[in-house]
1. Looking at the range 1-77, what strands (runs of 3 or more DSSP E) fall wholly within it and have at least 1 residues that are touching a strand residue (DSSP E or B) at 6+ places or on another chain (Cβ under 9 Å) and exposed (fewer than 12 other Cβ atoms within 10 Å of the Cβ)?
2. Return the residues of the range 59-75 that are out of contact with any helix residue (DSSP H, G or I) (no Cβ under 9 Å at 6 or more places or on another chain) and under 24 Å from residue 25 (Cβ atoms); say none if nothing qualifies.
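Values quoted throughout were computed directly from the atomic coordinates according to the rules given, and no laboratory measurement underlies them. What you see is a predicted model; the values in this text were computed from it and never measured. For neighbour counting, all protein chains shown are included, and Cβ atoms are generated from backbone atoms with ideal geometry for every residue, glycine included.
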């Protein structure tokens, strides 16, 4: 007997104060970094995209991970990466869950 499970989540992050900080020149690096976080959590990313002040993520999350921990890991890790990457001129930005 086999089983099938799927836990799809649509996660939206916005920039602090909804500042238009994510532009085409730096969005690719940010999306790649977030993709790595999701893969390291043994989850599958269907899509990631966004505009200047927010990002949408559609993912099949590993069922052994609590959703709150999954979102927190993406938020904390990507915010630290943004501040240290050099791709974002406004180093005071961070991603917040919408």
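1. Per the criteria, 8-15, 44-51.
2. 75
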